[in-house]
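Novice: Take this structure, written in structure tokens, and hold onto it; I'll ask about it next.
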Amino acid sequence: YLLDHRDEIPEEARKFCIVLSGTLLCVSDGRLLVACLYWGGDRWVLDFHWLVIDWGGYDRLARRKKAA
């Protein structure tokens with residue numbers, strides 16, 4: 001959804017890595033990866049980060065917007 005609506009992501013969010021906790025990927029060696037969006041200089045990039053890393057102050061957990 002976010003990639004399809006990337007033009008709606010606020011510009012101030014570009015300084016953060018947006019963690020999409022509902023999307024996990026289990027790789028062949030058994031590690032769990034979580035989907036993340038980050039600003040790649042000119043566009044939003046989808047990547048997967050190891051779930052048990054030390055998350056930094058630039059990470060933000062995505063959540064649904066409340067219905068009006």
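Novice: Taking the Cβ of residue 22 as the center, what net charge do the other residues with Cβ under 15 Å away carry, scoring Lys and Arg +1 and Asp and Glu -1?
Specialist: Residues close to residue 22 contribute a combined charge of +4.
Novice: What number, in percent, do you get for the relative contact order of the chain if the mean sequence gap of Cα pairs under 8 Å and at least 6 apart is divided by its residue count?
Specialist: Taking the mean separation of contacting Cα pairs over the length of the chain, I get 30 percent.
Novice: Read phi for every residue in segment 49-63 and hand back ³J(HN,Hα) as whole Hz from Karplus 6.51 cos²θ - 1.76 cosθ + 1.60, θ = phi - 60°, with x for Gly and Pro.
Specialist: These are the phi-based 3J(HN,Hα) values: 10, 4, 5, 9, 7, 7, 6, x, x, 8, 8, 10, 7, 6, 9 Hz.
Novice: For segment 1-56, which whole-number percentage of the solvent-accessible area (1.4 Å probe, protein heavy atoms only) is attributable to carbon and sulfur atoms?
Specialist: C and S fraction of accessible area: 52 percent.
Novice: Quick one: Debye curve from the C-alpha atoms of segment 11-63, no solvent, what's log10 I(q)/I(0) at q = 0.21 Å⁻¹?
Specialist: Relative scattering, expressed as log10 I(q)/I(0), comes to -0.75.
Novice: Just to check I understand the Karplus step: with θ = phi - 60° and J = 6.51 cos²θ - 1.76 cosθ + 1.60, what whole-Hz values come out for segment 19-36, glycine and proline as x?
Specialist: 8, 9, 5, x, 10, 10, 10, 9, 8, 4, 8, x, 5, 9, 10, 10, 6, 9
Novice: A follow-up question, please. For every other residue with a beta carbon closer than 15 angstrom to the beta carbon of residue 11, add +1 if it is Lys or Arg and -1 if Asp or Glu, then tell me the sum. Don't skip to the end; give the middle numbers.
Specialist: Working: positive: 6, 14, 15, 43, 60; negative: 7, 8, 12, 42.
Summing Lys and Arg as +1 and Asp and Glu as -1 gives +1.
Novice: Heavy-atom accessible area of residue 20 with all protein chains present, probe 1.4 Å, nearest 10 Å²?
Specialist: That residue has around 40 Å² of solvent-accessible surface.
Novice: Quick one: which residues, 5+ away or cross-chain, put their amide H under 5 Å from the amide H of residue 17? H built at 1.01 Å from N.
Specialist: Amide H neighbours of residue 17: 59, 60.
Novice: In addition: Residues of the chain: accessible area per residue at 1.4 Å, in Å²?
Specialist: Normalised by residue count, the accessible surface of the chain is 80 Å².
Novice: Can you sort 54, 29 by 1.4 Å-probe accessible area, starting with the largest?
Specialist: If we order 54, 29 from most to least accessible, we get 54, 29.
Novice: What trypsin sites (Lys or Arg not before Pro) in the chain are in a loop by DSSP, with at most 12 other Cβ atoms within 10 Å of the Cβ?
Specialist: 31, 43, 63, 64, 65, 66
Novice: If you keep only loop residues by DSSP, which chymotrypsin sites (Phe, Trp or Tyr not before Pro) in the chain have at most 11 other Cβ atoms within 10 Å of their Cβ?
Specialist: 1, 58
The values are calculated or read from the model by the stated rules, or taken from the named source; none is laboratory data. All of these numbers come straight from a predicted model, not from anything done at the bench. Every residue, glycine among them, receives a Cβ derived from its backbone with ideal geometry; neighbour counts consider all protein chains shown. With ligands, DNA and RNA removed, areas are computed over all heavy atoms of the protein, side chains included. Shrake-Rupley method; radii C 1.70, N 1.55, O 1.52, S 1.80 Å.
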